[in-house]
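What follows is a single structure, written as structure tokens, with notes after it.
Values quoted throughout were computed directly from the atomic coordinates according to the rules given, and no laboratory measurement underlies them. These numbers come from a predicted model, not from an experiment. Note that we place each Cβ from the backbone using ideal geometry, even for glycine, and neighbour counts take in every protein chain shown.
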Amino acid sequence: MTMENEAGAEAANRPAPADRTARNYGDLSRVERIIEHLKREWQLYVLLLPTIVWLLVFLYKPMYGLQIAFKDYSVFRGVAGSPWAGLEHFYTLFGNDQFLRALKNTVIISFYGLIFGFPMPIILALMFNEILNQMFKKTAQTIVYLPHFISSVIIAGIVMTAFSPSAGIVNTVMGWFGVDPVYFLTKPEWFRPIFVGTGIWQEAGFQSIVYLAAIAGVSPTLYESAVVDGASRWQMMWKITLPSILPTIIIMLIIRIGNMLEVSFEMIILLYQPATYQTADVVNTFIYRQGIQGGQYDFAAAAGLFNAVVAFVLVMTANTISKRYSRTSLW
């Protein structure tokens, strides 16, 4: 009996296989743990491999060319053979009136897009959520999603046709009230409203999908409890729906702020002209004209690097502020 008790006590004190494995795994070095993890989850990393290769080839490898911004770059000498110029191109950049104008226009257009464009997908998602007729809801969603899938060239053609002084629908309607035709796309003061409005029309519907998905994740029991308490649909939207999707709104806002200097290059190129450079020229079009058309690759690279650094600072700042005050962040 005593021997059986001793054997039982010894078996009870003996570590379980899982505990023994955990203890051994904890004793491994960092490199050994990584190797062990790779051996155990190798199938997942094989699936991830194409994405890693794409990131290395198309996002990280081009960073080698960033040194062009600090060199007197020559196409014939190449990146490695071109002499260093230090910060000369940056001094020239910030002394260039055209760049400062482009930077100002970029900030203003992005600010208008943030103020007027960012809330629109949220409003659309809330409106779609309140539609009870499913047939009408699907039809309306299809109509507002459609412009996103149309080429920017076609969108620009539609805009130019709509605002044409001879046959455009806008000037035609204005003519009914006795207003003289206006060539809107040659007027610097009209470019920003037209550009921002076009962007909202093209992208707001598609961007609302994110918020509709967030709304779909809200627990129905919250709405049922609100109905029992006598809340109206308007009150449920303000007290339940909006607070529930607030983390999603904050995340999308951080991403939007990080892309503030990335104004739609294609649409600007298609719509602007020398007469509207005053309000339409942005950093990306300035880089295009200086680098591709003017052949000043080092100067354009300096402008592009500045653009990237500002975007990085913006997204880091927005993420830090959001994490501190709302406890919602990208990382």
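Summary table below
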item	result
Pairs with Cβ under 6 Å, 6+ apart, first in the stretch 110-138 and within 23 Å of Phe191 (Cα to Cα), second among the acidic types (Asp, Glu) and surrounded by 17 or more Cβ atoms within 10 Å (Cβ to Cβ)	none
Matching residues, the stretch 223-238, being loosely packed, with under 15 Cβ neighbours inside 10 Å and touching a residue at least 12 places away in the same chain (Cβ under 8 Å)	Arg233
Segments classed as helices (runs of 4 or more DSSP H), wholly inside the stretch 52-131, with at least 3 members that are of a type in the set (Gly, Ala, Ser)	78-81
